[in-house]
Each structure stands twice: as structure tokens, then as C-alpha cells.
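K.L.:
Let me give you the structure first, and then I'll get to my questions.
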Amino acid sequence: MDDDSRSSSVRPMALGITSNLDRGTNSVATRVLAQSNLSLFTRCVLFLLFLLSGFSGLVYQVVWVRMAFASFGIIIQVLSVVLSVFMLGLSLGAWAGGRSVNGLVRKTGCSALWFYAGTEFLIGIGAFAVPALFSIGQKLLLSAGETDSTRYLFLSALALGVSILPWCVFMGATFPFMMAFVRQKDHRNAESFSFLYVANVLGAMAGTVLSAVVLVELLGLRHTLWAAAVSNFTAATIAALLALRSGAGDGSAAIAADISVTVRPFSQGRRANRFILSLLFLTGFAALAMEVMWTRAFTPVLQTQVYSFALVLFVYLAATFFGSSLYRWNLQRDSVRSVAVLLSIVSVAAFLPIVLNDLRLFITPFHGVAMWSRAVVLLSIFPFCAALGYLTPRLIDSYSLGDPAEAGRAYAMNVFGCILGPLIASYLLLPWLGERIGLVVLAAPFVLLFLFAAKSLPAWYRWASAAVSVVLLICSLIYSVDFARFMARNFANAEIRRDYAGSVVSTGRGLEKQLFVNGIVMTLLVPATKFMAHLPLLLHNGKSNAALIICFGMGTSYRSALSWNVDTTAVELVPSVKEAFGFYHADAPKVLKNPKGRIVIDDGRRFLNRIPEKFDVIVIDPPPPIEAAGSSLLYSDEFYTLVKAHLNPNGIVAAWVPAGALDSSQAILRSLVDSFPFVRCFFSIGNSGVHMLASEEPIPNVSAEQLTMRVPAAAAFDLLEWAPGQDLVSYVNEVLSKEIPIESALNPDPNIRITDDHPYNEYYLLRRRTH
């Protein structure tokens, strides 16, 4: 085929402008895509290699995010930076690998498979290097300030980038390296990217399920990384064996000759090329930004367990796999859908997660969330992700025609959008617009793109699709109700605040007030929150001078600690939670002016790591539920070791454990008992949870009468504030009389404990299914 005829057949495919909606693009270029001279054995081996590669890549992403939380704080910026750096590496690797692989093959005379094998081996090394680099970065950042400071956010992003970027670059290079091998063996093959893409996404799906459900629970985080490394080393070994079997450097000259033919036609279709690259950037940008937004928007329905996040990711990948597999199926039958048709689907599907996540469908103020609502919100993202799963490999195939350099460039542009998407969503859209409006902003450009690309479609189809998109856009803006809107409509005095860390809703009157963060109720005005501070201060042997409250909440425990006239520090992760203090306590302005108090915006664990101060009492109140993602970082052996370094002699750490699963409570207690020689546990008022107190020295076991003799008048008033008619002695004795014997509460199995590497309370599905 001469250059001119090939160019004319490619350009319509690139723009997706065709009048045949059923058959899609029927160009000669499309028929070339369906041809392959690779043997079935070789194709199966390549599919296996990218299945293993996709599996390990997803495992690394999941585990590295979890480890980054432990090292740099549980803030959405850490999540966004990890995702963005991950994508930056893929982008750089795809671009650099595509530009360099043909030259490497020509200069060395080696098969491109050898370079692929080398990258897989180096990726496996990252499983061992990244945890060590995180630890170094954590130590270097201890003087960088609070987690909401610009300096800390910048330096933590830099540390994360240095730690994981190299390995992600190697991941990105695997695509062009393998495509070069395919081109080397079959220079007519123009659909290698989509073939490898399908295998990679399927592997990522397996990585999502196995890491969340099996690997971390059974092996722990570090050994899960080792399992992923084994996958990389296996892929490297298989690739090396295949390279030996195929012959070194075979066909490298054909690569160079064929590329010169392939690239030239596109110089005549620059407008088409720009359109493809722009569309690839937009789809990558929107997909990853929406993933961050969906995670926040779906929280009221899906809750905060690690399995909730895994489900969103799994559905995202499953839909992508479905779409890319459908593209491959259409490709083999010469019936690829046009870009205009695909954009019509995307322009409609982008609004479904907004419209179908209307909480009026799922929730009432008194009956909670309907069970079937989880399936609805998860399935709402399927059409959009499936359409992008079809569109992305279709665009890259049509742009590259199997050339690894062009595929690397196109894939890099798509991933570059994936880099910026999470950052824009986290730093701009969520704080300034919220989940619903932010998703509308991300979805709206697809409507305009469809209108631009739909000129070749029949008028009835064009107008029908546009009408549906516009109706959904209007519904999303005006009619649809997210959590904040739902609470504002159902509670007359609801106050809504937003920042980079969360959407905070304050509702209720009197003692019925509630605090919601990202749709999850965090705390109530209940006596247990007062006892969190008063009980350890009562039992502290000696004069109390300093107290630390980790997790500010409504500020009740902070307020109670100040009533003892001690220097009190509270640490809170979400800035808007601090701003809501006045909603819950009328004396908040006075309390905030108390010179003995300070409120720090930071991750509680990181705060302890970066300060030298010691305290007489440290109160820990992790967000509910007990299985919440990240909560183990405030219950683990390593955290208690850190706490011990910040306790004065006779100091007490008081961990609040909300009512929940027995196995998780036993694991928390085991870690506490293994860390401290003296531990006492008490059921709280109303049996709403357990106060676990621990110390390096004996905790006094004296009567309520003796304890209350040393209570300051202000502290006594504060403790009895919500207990009208009670006297102080009987009220304190109500808790002391419900002490839990440690021996009967502990599980006899010493392995039922929580460590940073084994977050026992967060990963529980297998053991609860088998018991």
C-alpha cells in the first residue's frame, strides 16, 4: 500500500467520522489490525507476561499507598501524589521506552525481549527498595511542619516521587519494549498495544482482588510485595527464555524499515493526530480524577473499609477489561465502533455516577442505607469505564499502527492526563466545588466533544444522544442530591464545610448533634467522649501537667482535658473539623482562647514522630468503624512503641475502642498488652465501647471515692455536664465497676495482634468467612 492511500484510510479511523454506526470503521487499516503471524504459543506467552505484569503493578500501587499513609500521613494528598507519581512513571517509561527501544535493538543486536526481561527484573527490585526509601523520606520530613503546610506537602510529594518513580518508569517501558518484539517477529501486526492492554488490565483485576481479599490478610504488606516481586521475576525469566528460543536480534532491520513507512503517513494527518492525543489526555485526566471523586462521593454508601475502595477499583478495572475485550472482538470482525459513537456513550455515561448516587434513593434519616444501594453505585461507573476501556486502546492502535515509538507517545499522553487528574481533583475540585459539582465539571467536556465529533452521524442519533446528555447534565446540577445536599434538606441547621481532606457536615440540636466526615458519622455528644479524657486523668498517679488528644472530633475530649487545667494539645487531620468546634459547644470561643490549649492540623502518628514533647496522658480516638481503612496505624505495635517514647513517668495512654467485632478488639488489646506491662480495660457509659488504659508503671486501683477527691471543680462540672441528677462518685464508679479482666478478654492466640505490616482489623474477610 502506498503512503497516500494508507494515509487516507487511517485519517477517518483516527477521527472516528463514519456514517456506518453498525460496522464502525471499515478501512483497510482496520483489516491490517486483525492480522498476526505470531504463533499461538507466542501469543499465549505474551498474554501471560502482561497478566503477571498487570498483577504486580496493581499490587504495588495498593500496598505502596498503604505504606505511604504510615510514613507521610493519612491525607488525600498522599493518595493523589502516589497515583500521580505512579502515572508519571508510566508516562515517562512509555515515552522513553518507545523512543529508545529500536535504537537499543539495532545497536546491541539483542531481541527487544531481553530489554523487557530486564525491566521486569528491575521492577521486582522495587518491592524491596520502596519500603526502605519511604522510611528514609519519613525521617527526613519530620521537621517539615504540619500536614496542611505547603512546605510539607511539597517535600512529601518530592519524597514519594523519589521513592517510587524509577520503578514506575520501568513499568511504563514494558509496553513499547514488548511491542518492539512483536513488530520484530511480525512487522505487519498493528494491534499489539490493545492485545497487551487487555492482558494487563486482567492482571490488574486479579491484583485488586487477591491483594484485598487474600494476600495482605494472610501474608501482610511486606510479604505481599514479595509475592508481586516473584511475579515480576517470573515474567523476566519467561521473557528471557522466550528470547533465547526466538533468537537474538531477529528482525531488527525489519523494524527500522517498517517504522519509516509507518510514521510518514501521519505527517499528512496532523489534525487527526492532535485530536487523538488531546482525546487520550482528556480520557486519562477525567478517568483518574473521577476515581478520586467517586471514592469520596460513594463513601456514605460504601463506607470506609478497605474492601469498599477495592470494590470501586475492581469495578473500574472490570469495566475497562470488558470495553477493551469488546474492542478486540470487534477488531477481529472488522466492526470497530467509531470515535463519535463512543463519545456519545461516554457523554451519557459520565453523568450516571452522579444521578444514580442520589442519596434519596438509598437513605433516610432514620433507617440508614439500603443494602442494594452498594450495587447501584458500583454499577453506575461501569458504562463510563467500559467506554473508555474500548476507546483508549482503539485510539492508540489507530495512532501507532503497532509502532512502539508512536504507541509510547500516545500512551504517555493518556497517562499524562492520569497524572494531573488526581491532583486537580484533590487540590481544587473537592475543596472548592465538592463531589457532585466536581464530577459535573469533569463530565461536561465529553458532551462538547461529542457535539464536535458527531457531524458524520445521522441527525436522529446525534440529537437523541445530545438530548440525553443535556438532561443528565441538568439533573446532576439541579436535581441530584449528594450527601451534603441531603443533610442540608433534612436538617434545618446543617452546616457544611469542605477542605482538601474531607467534606464535613454538622447537624442536630442539643445533645442530638452529629459530626459527619465524608458522609460517615464520626462522633456524638455522649458521655463516653468525656470519659476518654477524664478516666486516664483520674487514674494518673501524680500531678498531671500535659495531655495529648489524637483525633479532635467535636472537641469534647479536648475541652474535658482543659478542665483539669493541664497543657492540652489536640491533633486533627481534617481542618474543617476544627472549624466546626463552635457548632457543638457554645463555649468554643472561650476554650479556643485558653492559653493552655492548642489544636494542630496533622496526622496523629506523624505528629508524635516529629515532636520531642512528653505527656502525662495520651488519648487516642480513631475514627469509626473499628475496621476503617488506616485505623490500624493508631492501634499497632509500632504506634504504641512510638507512644511510649512520649509518655512521662507514670504516664497513661488511653485507647478508645468502639463497639465492634470481637476479633478486632482482641487484636487491639493484644498489641497493647505486648507493648505495656500494665493494662486495664473498662466498659464505658452505656456500653458504647471500651476504654483501654496502659502504662509502663502500675495504674492505681483505688475506689471512686478516693479518685474523686482530687478532681478539680471545673473538671467535676465538665464530667457531670450531661449527667443531670448524678453525683460524681457514683458516676465515676459506674465505669470503674465495669472493669474487664485482661486474661478473659485476650485471645489465646498471640498472633491475633495489629502491626504496621499486618493490619489485622482492616483485613478480615477470609477469617470471618471461615469461622
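The values are calculated or read from the model by the stated rules, or taken from the named source; none is laboratory data. Treat the numbers as computed from the prediction; the structure is a model and nothing was measured. Note that each Cβ is placed from the backbone with ideal geometry, even for glycine, and that neighbours are counted across all protein chains shown. What goes into the accessible areas is simple: the full protein's heavy atoms, side chains included, and nothing from ligands, DNA or RNA. Shrake-Rupley method; radii C 1.70, N 1.55, O 1.52, S 1.80 Å.
K.L.:
On average, how much area does the Cα convex hull of the chain cover when viewed from any direction, in nm²?
P.N.:
Mean projected area of the Cα convex hull: 33.2 nm².
K.L.:
Something else about it: For the chain, what is the accessible area per residue in Å², given a 1.4 Å probe and the full set of protein chains? The partial results should precede the final answer.
P.N.:
Details: 28350 Å² over 771 residues.
Result: 37 Å² of accessible area for each residue.
K.L.:
Which one of ALA492, CYS551, THR523 has its Cα pushed farthest toward the positive end of the charge dipole of the range 486-573, where Lys and Arg give +1 and Asp and Glu give -1 at the Cβ?
P.N.:
So the residue we want is ALA492.
K.L.:
Here is a follow-up. Could you give the angle, 0 to 90 degrees to the nearest 10, between helix 527-539's Cα long axis and the longest principal axis of the Cα atoms of the chain?
P.N.:
In the chain, helix 527-539 runs at an angle near 60 degrees to the longest axis.
K.L.:
Suppose we look only past 15 Å in the calculated P(r) of the range 288-346. What percent of the Cα-Cα pairs does that tail hold? Let's see the in-between values first.
P.N.:
Details: 1057 of 1711 pairs.
Summing the P(r) of the range 288-346 above 15 Å gives 62 percent of all pairs.
K.L.:
Nothing charged except the Cβ atoms of Lys and Arg (+1) and of Asp and Glu (-1): what's the magnitude of the dipole of the chain about its Cα centre? Round to the nearest 20 debye.
P.N.:
2140 debye
K.L.:
Then there's this: Of all the C-alpha pairs in the range 619-771, what % are more than 23 Å from each other?
P.N.:
Looking at the range 619-771, the distances longer than 23 Å represent 41 percent of pairs.
K.L.:
Further, regarding this structure: Going down the list LYS543/LYS644; LYS590/LYS738; LYS513/LYS543; LYS530/LYS614; LYS139/LYS578; LYS596/LYS738, which pairs span over 29 Å between their C-alpha atoms?
P.N.:
Cα-Cα > 29 Å for LYS590/LYS738; LYS513/LYS543; LYS596/LYS738; rest within.
K.L.:
Sticking with this structure for a sec: Take LEU48 and ARG360, extend 7 Å from each Cα along the Cα→Cβ direction, and tell me the distance between the two endpoints in nm.
P.N.:
5.6 nm
K.L.:
In addition: Across the range 322-459, what fraction of all alpha-carbon pairs, as a whole percent, falls in each successive 10 Å bin from zero upward?
P.N.:
11, 30, 36, 17, 5, 1
K.L.:
What percent does the relative contact order of the chain come to when contacts are Cα pairs within less than 8 Å and at least six residues apart?
P.N.:
Working: 1444 pairs, mean separation 119.9, N = 771.
RCO, the chain: 16 percent.
K.L.:
Turning to a different aspect of this structure: Could you check the spin-label model distance between PHE128 and ASN541? Points 7 Å from the Cα along Cα→Cβ, value in nm.
P.N.:
4.7 nm
K.L.:
Based on the alpha carbon coordinates of the range 560-703, what radius of gyration and maximum Cα-Cα distance (Dmax) apply, in Å?
P.N.:
15.6, 42
K.L.:
Please work out how much length the chain gains when fully extended from ARG598 to SER688, using 0.36 nm per residue of separation minus the C-alpha to C-alpha distance, in nm with one decimal.
P.N.:
This chain segment gains 29.6 nm when fully extended.
K.L.:
Any idea what diffusion coefficient the range 370-439 gets from Stokes-Einstein, in µm²/s, Kirkwood Rh on alpha carbon pairs, 4 °C, 1.567 mPa s? Spell out each step's value before the answer.
P.N.:
Details: Rh = 14.6 Å.
After rounding, the answer is 89 µm²/s.
K.L.:
Let me ask another. Carbon and sulfur atoms: what percent of the 1.4 Å accessible area of the chain do they account for?
P.N.:
The value for the chain is 65 percent carbon and sulfur by accessible area.
K.L.:
Can you pull the Kirkwood radius for the range 72-143, inverse mean 1/r over Cα pairs, to one decimal in Å?
P.N.:
The answer is 14.8 Å.
K.L.:
More than 14 angstrom separation, counting every C-alpha pair in the range 166-223; what % is that?
P.N.:
Distances greater than 14 Å cover 67 percent of the Cα pairs.
K.L.:
For ILE740 and LEU433, compute 0.36 nm times the residue count separating them, minus their Cα-Cα distance, and round to one decimal in nm.
P.N.:
Full extension of this stretch gives 105.8 nm more.
K.L.:
Give me the Kirkwood hydrodynamic radius of the range 690-770, using the inverse of the mean 1/r over all pairs of distinct Cα atoms, in Å to one decimal.
P.N.:
Evaluated over the range 690-770, this radius sits at 16.4 Å.
K.L.:
Using only the alpha-carbon atoms, how far is helix 112-140 inclined from the longest principal axis of the chain? Give it as 0 to 90 degrees, nearest 10.
P.N.:
For 112-140 against the chain, the angle is about 20 degrees.
K.L.:
For the range 334-454, what is the relative contact order in percent, using Cα pairs closer than 8 Å and at least 6 residues apart in sequence?
P.N.:
41 percent.
K.L.:
Hey, rough spin-label estimate for GLU495 and GLU721, points 7 angstrom out along Cα→Cβ, what's it come to in nanometres?
P.N.:
According to this spin-label approximation, the distance is 1.5 nm.
K.L.:
Once fully extended, how much extra length lies between TRP226 and TYR479, figured as 0.36 nm per residue of separation less the alpha-carbon to alpha-carbon distance?
P.N.:
Additional length available on full extension: 86.2 nm.
K.L.:
Which of the three applies to the range 424-544, rounded, prolate or oblate, going by the alpha-carbon gyration tensor with a ≥ b ≥ c and a/c under 1.5 meaning rounded?
P.N.:
Here the range 424-544 falls in the prolate category.
K.L.:
Based solely on its DSSP helices, what 222 nm [θ] is calculated for the chain when runs of n ≥ 4 H residues each add -39,500 (n - 2.57) and the sum is averaged over all residues, nearest 500 deg cm²/dmol?
P.N.:
Values: 33 runs with 475 residues, N = 771.
Taken over the chain, the calculation gives -20000 deg cm²/dmol.
K.L.:
log₁₀ I(q)/I(0) of the range 405-480 at q = 0.22, 0.24 Å⁻¹, via Debye over equal Cα point scatterers, no solvent, to two decimals?
P.N.:
These q points yield log10 I(q)/I(0) values of -0.99, -1.03.
K.L.:
In addition: Determine the principal axes of the Cα atoms in the range 498-567, then give the extent along each, sorted from largest to smallest and rounded to whole angstroms.
P.N.:
Answer, in whole Å and largest first: 41, 27, 16 Å.
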